[in-house]
1. Sort through L80, L107, L112 and tell me the only one that's in a strand (DSSP E or B), closer than 19 Å to L57 by Cα and within 12 Å of the chain's Cα centre (by Cα).
2. Inside segment 93-110, can you point out the residues that are modelled with pLDDT of 75 or more and within 21 Å of G193 (Cβ to Cβ)?
3. Could you check, for segment 125-135, whether at least one of its residues is at pLDDT below 70 and hydrophobic (A, V, I, L, M, F, W, C)?
4. Can you name the condition, by its number, that N124 falls short on among (1) under 14 Å from the mean Cα position of the chain (by Cα); (2) free of Cβ contacts under 8 Å to residues at least 60 places away in the same chain?
5. Working only within segment 116-133, note down all residues that are surrounded by 15 or more Cβ atoms within 10 Å (Cβ to Cβ) and in a strand (DSSP E or B).
6. So, G26, is that one modelled with pLDDT of 80 or more, over 15 Å from L197 (Cβ atoms) and not in a strand (DSSP E or B) or not?
7. Going through segment 17-38 one residue at a time, which ones are of a type in the set (A, V, I, L, M) and closer than 20 Å to G176 by Cβ?
Amino acid sequence: MLPLLGLCAGCFAGTPQTTAYPVPRGKIEGLAALDGTGIVGNYADAVGFMAGGGARLGLGHNMDVGVRLSYVYAAADFKLTLWKDSIAAVALLPRAQGSWPIMGLMLDAPVLFTARFGDVVSVNMMGGYRHLLSKTMDTRQFGVLPATVNGGYFNVAFGPLFAITESFGIAPEISGAYPIVGRAAPGTFIVSGSLGLRFGAERPQFRDLPE
């Protein structure tokens, strides 16, 4: 099972890397990122790296949408900010992501919390249930019977955002996923990290916008 997950590392990489504050209406925020995924489990260990990019569009005072792409995955999400003030914000972030050449589908809807420390620094924390489904593939070359992944993971992510200027920021992030239900490779822990460069609506999204 673990080699299958190693080949499907793109299923776990590429979190939205956004804050709980909405992107202002009509504004576009861009992201360029380098992702890394490490898998530690019962059979073997695996690690992989990939580059990706994305964008977010502000739809209103409390919502925006985002897409993220790389050569092994494509993802889309919708962010609804449930509460915000000038110090902190909370949002719900339903998301779907597909990966290839190992065909997989990931669905999750984490809660995102952002705490601000002035205009330059904020801290983002995200957590929730993540479900991964992959097609059956032949893994006998790895000494493992053909199998699918169809199970749930508890996923958490943490990362600061450094808004260097009005329209540029640096966003490192680390996340971890642990299997909790179904065929989700028991005893396997997945760690993903990302270094993101964000362009566009950086500091404006932190302002306490009227409802």
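The values are calculated or read from the model by the stated rules, or taken from the named source; none is laboratory data. Bear in mind the structure is a predicted one, so any value in this text is a computation, not a measurement. Glycine also receives a Cβ, built like all others from the backbone with ideal geometry; neighbour counts cover every protein chain displayed.
1. Exactly one residue qualifies, and that residue is L112.
2. The answer is L93, R95, Q97, S99, G104, M106, D108, P110.
3. No, because not a single residue in segment 125-135 is at pLDDT below 70 and hydrophobic (A, V, I, L, M, F, W, C).
4. N124 satisfies every listed condition except (2).
5. Restricting attention to segment 116-133, the residues satisfying the condition of being surrounded by 15 or more Cβ atoms within 10 Å (Cβ to Cβ) are 116, 120, 122-128, 130-133.
Across segment 116-133, the qualifying residues are R116, S122, V123, N124, M125, M126, G127, G128, R130, H131, L132, L133.
6. yes
7. Within segment 17-38, A20, A33, L34 meet the criteria.
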